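Asks: Quick one: the structure is below, questions incoming.
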Amino acid sequence: MGLSMFNNIRSQFIDYISYKSKVSLWTVRHIHQNLAFPIFLLSKRFGLSPNLITFTSLVLFVIGALFFGYENYIGSCIFWLVSYIFDCADGAIARSTNNTSRFGAFFDLAVDRLCSLIMLLLVFNVLSFQSIWDYVAVVGVLLLVYNSFISVLRPLYFPELKGYGNQSSNILVTIFKIPYELMDSGNAMILISLSFFFGYYHELLVFYAIFSLILLAFNFRIIYRIEKNEVKIESR
């Protein structure tokens, strides 16, 4: 019975892999999405809808936001991690149950961006603005949120760029891959919580400010070269 159960779980895990996004960041694909596997199993066992998982993700994020507001940064870190794990599960659940919909995709996108805006307001509220670095920190999280909006809109106009970072051999793309992992919204929220806990939030948010500007300039460069037919990218 034990071996049969193990083989059943293993077969579902292999099935789950086929629903993972091939263009996800390394940390999302190999860490967060694997942590989301138990949620995937529970959803299939109890028939939980993808939209319910998305809504649960939002509720967990709001609870984490309350912890952050009361300067309990470890609490916010834990809830935001679990929230992001739920966020990583909803897409796989939708595809595996053939329950995808435009409403679900828009709901998921709306929740993600709402969480980004809440993060911006939380950081703004916590900072005392007694030094220039507090203002720089706000710019950092503002650019981080701005970049998250750009990353959503870009594939709508340039769908061939989806997964470009994973498949490009461009040396700049290769160099950017590691710090780009830190730009992912789930990773960023966890790191911001920890940075406030350890007292290094100025340094982290300055990094986000600088790298967001570099990333924005790089995106303009790539898209400009595509428009000028200097770069040929196959649709993925």
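Any read-out appearing in this document is the output of simple, stated calculations on the displayed coordinates, not a laboratory observation. Here the structure is a predicted model, which means the values were calculated and not measured. Here the Cβ positions follow ideal geometry from the backbone for every residue, glycine too, while neighbour counts run over all protein chains shown.
Asks: Suppose every Lys and Arg Cβ carries +1 and every Asp and Glu Cβ carries -1, with no other charges. What dipole size does the chain come out with about its Cα centre, to the nearest 20 debye?
Replies: Details: 17 positive and 14 negative charges, 160 e Å.
Here the size comes out at about 780 debye.
Asks: If R₀ is 22 angstrom, what is the calculated FRET efficiency for the pair Asn8 and Thr100, using the beta carbon separation as r and rounding to 0.05? Present the calculation step by step, with values, prior to reporting the outcome.
Replies: Working: r = 25 Å, r/R0 = 1.14.
Once rounded, the FRET efficiency stands at 0.30.
Asks: Please give the length that would be gained between Ala110 and Ser21 if that part of the chain were fully extended, namely 0.36 nm times their separation in residues minus their C-alpha to C-alpha distance (nm, one decimal).
Replies: In short, 30.1 nm is gained.
Asks: Before rounding to the nearest 500, sum -39500 (n - 2.57) across all DSSP H runs of length at least 4 in the chain and divide by the residue total; then give [θ] at 222 nm in deg cm²/dmol.
Replies: -25500 deg cm²/dmol
Asks: Compute the longest continuous run of the chain that contains no exposed GluC sites (Glu not before Pro); treat a site as exposed when its DSSP state is not H, G, I, E or B and it has at most 11 other Cβ atoms within 10 Å. Before the final figure, lay out each step's value.
Replies: Numbers: sites that count: Glu71, Glu230, Glu234.
Longest gap between qualifying sites, sites excluded: 72-229.
Asks: Apply 1/(1 + (r/R0)^6) to the Cβ-Cβ distance of Val62 and Ser151, taking R0 = 22 Å, and write down the FRET efficiency to the nearest 0.05. Walk me through the intermediate numbers first.
Replies: On the way: r = 23 Å, r/R0 = 1.04.
Calculated value: 0.45.
Asks: Which helices, taking whole DSSP H runs in the chain, have alpha carbons extending 30 angstrom or more along the helix axis plus mean Kyte-Doolittle at least -1.0? Could you put the intermediate results ahead of the total?
Replies: Details: long enough: 73-96 (35 Å, 0.99); 102-126 (36 Å, 1.54); 132-157 (37 Å, 1.46); 201-227 (38 Å, 1.23).
Length and hydropathy pass: 73-96, 102-126, 132-157, 201-227.
Asks: Can you pick out the pairs among Lys22/Lys177; Lys20/Lys177; Lys162/Lys228; Lys20/Lys44; Lys177/Lys228 whose Cα atoms lie more than 23 Å from each other?
Replies: Distance filter (> 23 Å) returns Lys177/Lys228.
Asks: Based on the alpha carbons, how large is the Rg to Rh ratio for the chain when Rh follows Kirkwood?
Replies: My calculation puts Rg/Rh at 0.99.
Asks: Cβ under 13 Å from Asp15's Cβ, Asp15 left aside: what net charge do those residues give with Lys, Arg +1 and Asp, Glu -1?
Replies: Details: positive: Arg10, Lys20, Lys44, Arg95; negative: none.
Net of charged neighbours comes to +4.
Asks: Just subtract the alpha-carbon distance of Glu227 and Glu71 from 0.36 nm times their residue separation and send over the number in nm, one decimal.
Replies: Full-extension gain reported as 51.5 nm.
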